[in-house]
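Each value in this text was obtained by applying a stated rule to the coordinates, not by laboratory testing. Fair warning: this is a prediction, and the values are worked out from it, not measured in the lab. Here the Cβ positions follow ideal geometry from the backbone for every residue, glycine too, while neighbour counts run over all protein chains shown.
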Amino acid sequence: MKDESANGSGPTSSSSGCCAAGSVSSPTPAAASATSAPSLPAAVDRATFEAELGRLRAREKAHTREGDAIAAARRRLPMVEVDASTELIGPNGPLPLLDAFEGRRQLIAYYFMWHPGLPAAEQCEGCTWNNTQVAELSYLHSRDITYAVFCQGPYHESIRYHDFMDWDMPWYSAQASLDALLGERNIGTMHLVCYLRDGDRVFETYWTTRRGVEAVDYSYALMDLTVYGRQEPWEDSPPGWPQQCTYTRTSSGSPAWQPVWPGGRPIAQWPRLEAGRSDDLTVGT
């Protein structure tokens, strides 16, 4: 995802993981392409390497401490009450927002972008990328936190996508209540919203969007540790570094993973298709 403000004040770009069809042209491959080997870092002796890494490590530690300070400030934010009876749609029909906590004290809701009537291949690759990585919920549960997806589309269509992707997290439709839940925020864009329950009352304590939702993503974090990074055109990389990858779409699965934009599929769909899972989202089939 391209560098953007987490609160939506930065420039709008589908590189935030959104999938507005046709909004981004195909990236131009850098010098490193499928037919040419990428450039390499300078090879040095161990002492020089460790000295360079040490200088970077000092910046990393400062970055970590600043992140801790920001998290501390986040824990001191005020909160705003939300109507606990706001309606969601779940597997058994309508339910109030309060029930989405599943009895826990806190709730993290991922507002999943949705394109009604479009096939699985044309659903949001950024939201798919993020939620595919939310694979183990017990750690959150041990801190009295529920994680759930609030889809911005209809339940009976979107739950088929949840099942195709073989996800385990709770899935609800918030389509009818988006005005109440998101207010003047950009409905139709991915959001992470944190809620706190006090008895039967619900409060919103934090929200973020665009690059802020990378909080759920470990793949980009791991890529950022490697020499070639995310291999996306927006990155500040040396000449000759591979930057041919589209954000989170390819026109094929393993082993090629051929980058494409627009078109193709969200990357995580390919293994599901290879496993024989149906991507038919048609209700009633």
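Some points to look at:
- Cut-off 15 Å, label 7 Å out along Cα→Cβ of D198, residues of the range 77-104 by amide N: 77-84
- C-alpha long axis of helix 46-74 to longest principal axis of the chain, angle in °: 20 degrees
- All distinct Cα pairs of the range 169-285 go into the 1/r average, and the inverse of that average, the Kirkwood radius, is 17.9 Å.
- Looking at the chain, the pairs of alpha carbons with a distance over 37 Å make up 20% of the total.
- For the range 80-215, the direction-averaged projected area of the alpha-carbon convex hull comes to 7.6 nm².
- Placing +1 on the Cβ of every Lys and Arg and -1 on the Cβ of every Asp and Glu, with no other charges, gives the chain a dipole of roughly 600 debye about its Cα centre.
- Beta bridge orientation in the range 80-215: antiparallel %, DSSP, nearest 5: 70 percent
- Centroid-to-centroid separation of the range 161-209 and the range 235-267 [C-alpha atoms, Å]: 29 Å
- Separation in nanometres of the label points that stand 7 Å from Cα toward Cβ, at R65 and N92: 5.1 nm
- Peptides ranked, highest mean first, by Cβ atoms within 10 Å: ranges 54-66, 153-165, 250-262: 153-165, 250-262, 54-66
- Shape category assigned to the range 107-185 from the gyration tensor of Cα positions, a/c cut at 1.5: oblate
- Simple spin-label estimate for R55 and L137 in nanometres, 7 Å along Cα-Cβ: 4.8 nm
- C-alpha long axis of helix 155-164 to longest principal axis of the chain, angle in °: 40 degrees
- Estimated purely from DSSP H runs of n ≥ 4, each contributing -39500 (n - 2.57), the mean residue ellipticity at 222 nm for the chain is -7000 deg cm²/dmol once divided by its residues.
- Bridge type composition, the range 136-275 - antiparallel percent by DSSP, nearest 5: 80 percent
- Extension gain for the segment E235 to Q106, taken as residue separation times 0.36 nm less the Cα-Cα distance, is 42.9 nm to one decimal.
- When DSSP beta bridges are restricted to pairs lying wholly in the chain, around 70% turn out antiparallel.
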